[in-house]
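First comes the structure, then the notes that go with it.
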Amino acid sequence: MKKQQELPKWFKGSCYDEGSTVRNPFSGEEYELTNVELSMYDFIIGSQLVFERAPKRANQEMIRDFQKGLDWFRKNNSRAYMALLD
């Protein structure tokens, strides 16, 4: 049984009420994420979009939080991390 996950205190995004299945657009591999994992996943993907499409908007705090998000995800669901974000 999985332990109850919590988002870290630095996380400023919304926590979803429900999880969902996420597909890696490159490999097609899918993972069922909890509501907490999905919230962090969307934060990570959203950050990547900002970095790619509006790099001048990125600042050190955003980059640091992005790295912390990746670390959190790697620690909390390493298999999904490897399939979806690595």
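Here, each number is a calculation from the coordinates, and none is a lab measurement. Every value quoted in this text rests on a predicted model; they were computed, and no experiment measured them. A quick note on method: Cβ atoms are made from the backbone with ideal geometry, for glycine too, and the neighbour counts reach across all protein chains shown.
Structural remarks
- Each label point was placed 7 Å from the Cα along the Cα-to-Cβ direction; for residue 5 and residue 50 their separation is 2.1 nm.
- Helix 35-53 and the long axis of the chain differ in direction by around 30°, with both axes built from C-alpha atoms.
- Angle between the chain longest axis and helix 60-76 axis [Cα atoms, degrees, rounded to 10]: 10 degrees
- Selection of trypsin sites (Lys or Arg not before Pro), the chain, meeting DSSP coil and at most 10 other Cβ within 10 Å: 2, 3, 9, 12
- Dividing the mean sequence gap of close Cα pairs (under 8 Å, 6+ apart) by how many residues the chain holds gives a relative contact order of 29 percent.
- Solvent-free Debye scattering, log10 I(q)/I(0), computed from the Cα coordinates of the chain at q = 0.17, 0.23 Å⁻¹: -0.70, -1.23
- Per the Debye calculation on region 1-50 with a single equal scatterer at every Cα and no solvent contribution, log₁₀ I(q)/I(0) for q = 0.29 Å⁻¹ amounts to -1.20.
- In this simple spin-label model, placing a label point 7 Å from the Cα along the Cα-to-Cβ direction at both residue 18 and residue 60 gives a separation of 4.2 nm.
- For chymotrypsin sites (Phe, Trp or Tyr not before Pro), the sites in region 5-86 that DSSP calls loop and that have at most 11 other Cβ atoms within 10 Å are 10, 26.
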